[in-house]
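Novice: I have a structure here, written as structure tokens, and I will follow up with some questions on it.
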Amino acid sequence: MELKEEIIRLKEEKNAVILSHNYQNAEIQEIADFIGDSLELARAAAKTKADIIVFCGVDFMAETAATLNPDKLVLIASRDARCPMAAQLPPERVREAKNKGYPFVIYVNTYAASKAEADICCTSANAAEIVESLDSETVMLGPDANLARFAARKSGKKVIAVPSHGYCYVHKVFRVEDIENARSKYPDAEIIVHPECDAEVQLAADFVGSTSQMYRYAEKSAAERIVVGTEVGLIERMRREIGKELGKEFIPLRHATCIEMKLNTLGKVYDVLLNEKNPVRIDEEIARRARRSIERMLEVV
Ligand code: 13P
Ligand code: SF4
């Protein structure tokens, strides 16, 4: 039997659900029960009735699913799929920053131990709304400094980035010159980018949003050509799902690949589901405190 069919059969037999991030390769997205951005995946994990969640994304996403589901078995397709940004904000750094007395908004791209120290979580889809919801004109946000600046610009509040230069290596590759070149080459195109891109790149673009917000923007836009500044997995999804049907062309602002996201393969998903390998376990006390930060976010937006 073909690997895909075998995974689908196992999924039913074990009452498992496969959650996939927008950056996963097509072969993974095709067998997934749900594809989305970090916020949508957290919501999907929070409400699933399945006994097993197989997570196809990176470590912090699977940790979030496990934190929200202490009684379920959460498996990560690849143990090596570790987002380097998560390591940029260890729990001690959050604790130390909190001595300043401002609320700490923690980006979902962090480990549960760091979320446990923060006041509230945010994702790229809701950072500004989360900052706005807090009863303080100054807040701290980390580890992504570009997301902190984006949230400050959108909310009008002072947002202190902790650490001051946290970043995603995938989104650092985009330059304002890429946008200028795209504008002269494709004058009719719209340009959309992720909030992990540098502030100058964001300001030069037509729209800034999470991966799923970019997807929906592209679907609704009247433009026939859309230049996309994020990881290639989302662009390939847009081409497959929106491109053909709506006759739209998707052009990468520059080729950018997240090596860690691409470590998941169909073979690994099969092996992990069959043998219930790679369980994601979080210390109970850490999970309880991290859950508070995540649930507080889910209550806001
Ligand atoms: P989204 O939540 O926008 O999907 O972003 C996740 C991520 O890792 C971006 O690099
Ligand atoms: Fe982490 Fe960047 Fe990869 Fe997203 S794209 S998982 S932030 S390294």
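The values are calculated or read from the model by the stated rules, or taken from the named source; none is laboratory data. Since we're looking at a predicted model, the values are computed, not measured. Reconstructed Cβ throughout: ideal geometry from the backbone, glycine too, with neighbour counts over all protein chains shown. The protein model used for the area step is the full one, side chains on, heavy atoms only, and it has no ligands, DNA or RNA in it. Shrake-Rupley method; radii C 1.70, N 1.55, O 1.52, S 1.80 Å.
Novice: For the chain, set up a GNM with springs between Cα atoms under 10 Å and report which of Asp144, Asp59, Asp135 has the largest fluctuation.
Specialist: For the chain, modelled as a Gaussian network with Cα springs under 10 Å, the answer is Asp135.
Novice: Shape of region 12-104 from its Cα gyration tensor (a ≥ b ≥ c, root eigenvalues): rounded if a/c is under 1.5, otherwise prolate when a/b > b/c, or oblate?
Specialist: On the way: a/c = 2.44, a/b = 1.85, b/c = 1.32.
Prolate.
Novice: Of the options His194, Val208, Tyr167, report the single residue whose Cα projects farthest towards the positive end of the charge dipole of region 155-301 (beta-carbon charges: Lys, Arg +1; Asp, Glu -1).
Specialist: Highest projection toward the positive end goes to Tyr167.
Novice: Something else about it: Please give the Cα centre distance for region 80-155 versus region 242-277, rounded to the nearest Å.
Specialist: 27
Novice: Please express the Cα-Cα pair-distance distribution P(r) of region 150-301 as a list of whole percents, one per 10 Å bin, running from 0 to the bin with the greatest distance.
Specialist: Pairs per bin, as whole percents: 9, 29, 31, 22, 8, 0.
Novice: A further question follows. Report, in listed order, any pair from Lys115/Lys262; Lys220/Lys244; Lys100/Lys157; Lys11/Lys277 with a Cα-Cα distance greater than 20 Å.
Specialist: Lys115/Lys262
Novice: Ignoring ligands, DNA and RNA, what percent of the 1.4 Å accessible area of region 186-301 is carbon and sulfur? Intermediate results must be reported in sequence, preceding the final value.
Specialist: Working: 2610 of 5400 Å².
Reported share for carbon and sulfur atoms: 48 percent.
Novice: Separate question: Identify the trypsin sites (Lys or Arg not before Pro) of region 46-131 meeting these criteria: DSSP loop state and at most 13 other C-beta atoms within 10 Å of the C-beta. Numbers along the way, then the final one.
Specialist: Details: sites: Lys47, Lys49, Lys72, Arg79, Arg82, Arg93, Arg95, Lys98, Lys100, Lys115; in loops: Lys49, Lys72, Arg79, Arg82, Lys100.
Qualifying residues, ordered by number: Lys49, Lys100.
Novice: Something else: What longest range of the chain stays clear of loop-exposed GluC sites (Glu not before Pro) (DSSP non-H/G/I/E/B, at most 16 other C-beta within 10 angstrom)?
Specialist: Values: sites that count: Glu2, Glu30, Glu137, Glu224, Glu276.
The longest such stretch corresponds to 31-136.
Novice: With the full set of protein chains in place, find how many percent of the accessible area of region 87-180 is carbon and sulfur; take the probe as 1.4 Å.
Specialist: Details: 1740 of 3680 Å².
That share works out to 47 percent.
Novice: Still on this structure: Rounding to the nearest 20 debye, state how big the charge dipole of region 53-211 is about its Cα centre with +1 on each Lys and Arg Cβ and -1 on each Asp and Glu Cβ.
Specialist: 320
Novice: Could you give the accessible area per residue of region 109-197, probe 1.4 Å, as a whole number in Å²? Spell out each step's value before the answer.
Specialist: Values: 3290 Å² over 89 residues.
On a per-residue basis, region 109-197 sits at 37 Å².
Novice: Pull up the cross-link candidates among the aspartates and glutamates for Lys49, meaning alpha carbon to alpha carbon under 17 Å and not fewer than 8 places away within one chain.
Specialist: Straight-line reach from Lys49, under 17 Å: Glu12, Glu13, Asp33, Glu40, Asp71.
Novice: For the chain, what are the DSSP H helices with axial Cα length of 18 Å or more and mean Kyte-Doolittle hydropathy of at least -1.0?
Specialist: On the way: long enough: 284-300 (24 Å, -0.87).
Within the chain the helices that satisfy the rule are 284-300.
Novice: Magnitude of the Cβ-charge dipole of the chain, K/R +1 and D/E -1, about the Cα centre, nearest 20 debye? Present the calculation step by step, with values, prior to reporting the outcome.
Specialist: Numbers: 42 positive and 48 negative charges, 90 e Å.
For this selection, approximately 440 debye.
Novice: Measuring from the lowest to the highest alpha carbon on each principal axis, how far does the chain reach, largest first, in angstroms?
Specialist: Largest first, the chain extends 52, 51, 28 Å along its Cα principal axes.
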